[in-house]
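Novice: Here it is, the structure, as structure tokens.
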Amino acid sequence: MSRFQRTTLLLLALLCLPVWAVLLYITLTLNTPEKLTILPTLAILTTAEPTHTPLPTASPTPTGMPTFAASPTLAPTEALPTLATRVLDIYSVMPGVFVPATATPYPPDVTIIPAPPNPYEPLTDATLLPPPYFGWTSFESDHPHVIYATRWERRLHTWASRGQYHRTEDSATSIRFQFEGEGLRIRYVGARNMGLFQIIVDGILIDTVDAYAEGLLFLGTRVYFVGSGVHLLELRPTGQKNNRSEGITVALDAIQVWRGDGHSLIVPPPMLTMTPSPEPQPVAFALVSAPPTMLPITTVPAPVPLTASIVIAYDENGNRAVDPAEGVAGISVRLVEVGTNRALAQAFTDASGYAELQVQASTEVRLVVPYLGKVYPIPLRQRSADARFTLLLAPGNQPGLIP
């Protein structure tokens, strides 16, 4: 063999070695049995308990019915189960049994009043607060919600509400104002040249006001109860006047509205209707020859200004005098009319315990301190002078807050 042939055989032998190695590995792998490795484990054996296997129950299977139609039809959707509650209503009828109606009690924090309370000025200005409004609120004559049919002249005066009011001499004009509340009161101007105007709420005439006065006055009507809800107010000059008036001018100062909150409820008293019943009447005899009897005429005195003041203090040192830092602040003080018990003015004591009230009264009045139960009569002879009072409280533990 030549050298070239020996080299070729050697290369072929080297190339066949990997093939023989693979064949040998496969043969050994197939003939060797699989070894299992068992690892010891610690297991806790429990007592076997019988388990209840539910038996299979037959459930209806919806079967689709074939539809013979040229157009494609929608496949039926499977209805999902829903949770429903069945309510059983039982009605029992007992002949001859009558259950009288009972009144539903009001919550304990609700106050029942027969009518809107009287306002104590100055009131809250609606222009300075956002709605909703509760209690007494004043809508001035220049408020955006007060709509004038024609132009009304604006006047300034220190006695007017917020220092201004609007007037007109046109009898064909009107004012419209929409509000929400139960109580209504109109502030107007009285003078020698003022006429008559009508107050209309929701299309119903509730009052006609004569604005004539001997001098320039800023007056207010009575409080009207209009019911809860939204209302439409209209003020219309009538073009008529008092026989003593010099003109038909009408002037609006402010519109005051009262709206109750959730703690007050207006329940008007029931109206009593008198049904006449036939009764025998005795025969009346009139003596025509006797002179007529003169009836007494009661003269009402003219109102005069009255100023009353009071100082409320704790007598801490027991010297029966008001010393600095002994005044009680925030105590309500009122001037009420004797006989009618109508409040004419109200004020609260300041930091020094001092309060002053000014009114015009034609009858006897009293100074009342409701919280402390004190009443000070003011005789008629003291109406022309200032009435001053001092209320000293006995020394002791002062409460943290006095309403």
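The values are calculated or read from the model by the stated rules, or taken from the named source; none is laboratory data. Please read these numbers as outputs of a predicted model, since none were measured by experiment. Ideal geometry is used to build each Cβ from the backbone, glycine not excepted, and the neighbour counts take in all protein chains shown.
Novice: Kindly evaluate residue 361 against the criterion of being within 38 Å of the chain's Cα centre (by Cα) and at pLDDT 85 or above.
Specialist: Working: within 38 Å of the chain's Cα centre (by Cα): yes; at pLDDT 85 or above: no.
So residue 361 does not fit the description; no.
Yes/no matrix, rows are residues, columns are (1) surrounded by fewer than 13 Cβ atoms within 10 Å (Cβ to Cβ); (2) in the same structural domain as residue 217 (by TED's automatic domain parsing):
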site	(1), (2)
112	yes, no
117	no, no
134	no, yes
181	no, yes
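Novice: Being assigned to a loop (DSSP other than H, G, I, E, B), among the polar types (S, T, N, Q) and modelled with pLDDT under 80 is the requirement here; does residue 341 meet it?
Specialist: no
Novice: Something else about it: Give 220, 260, 215, 227 a once-over and let me know the one that is farther than 19 Å from residue 138 by Cβ and under 31 Å from the mean Cα position of the chain (by Cα).
Specialist: Only one candidate passes the filter, namely 227.
Novice: Can you list residue pairs whose Cβ atoms sit under 9 Å apart, with the first residue in segment 327-343 being in the same structural domain as residue 363 (by TED's automatic domain parsing) and buried (at least 18 other Cβ atoms within 10 Å of the Cβ) and the second being among the aromatic types (Phe, Trp, Tyr) and assigned to a loop (DSSP other than H, G, I, E, B)? Count only pairs 6 or more apart in sequence or on different chains.
Specialist: That search, which allows pairs on different chains as well, returns 331/371.
Novice: Could I ask something else about it? Any idea which residue in segment 147-178 is surrounded by the most Cβ atoms within 10 Å (Cβ to Cβ), counting only those that are aliphatic (A, V, I, L, M) and touching a residue at least 12 places away in the same chain (Cβ under 8 Å)?
Specialist: Among those residues, the one meeting the criterion is 175.
Novice: Of all residues in segment 216-274 being over 26 Å from residue 203 (Cβ atoms) and of a type in the set (Asp, Glu), which is surrounded by the fewest Cβ atoms within 10 Å (Cβ to Cβ)?
Specialist: 261
Novice: Being assigned to a loop (DSSP other than H, G, I, E, B) and in contact (Cβ under 8 Å) with a residue 40 or more places away in the chain is the requirement here; does residue 116 meet it?
Specialist: yes
Novice: Working only within segment 313-358, note down all residues that are of a type in the set (D, E, K, R) and closer than 18 Å to residue 378 by Cα.
Specialist: Of everything in segment 313-358, those that are of a type in the set (D, E, K, R) and closer than 18 Å to residue 378 by Cα turn out to be 334, 337, 342, 356.
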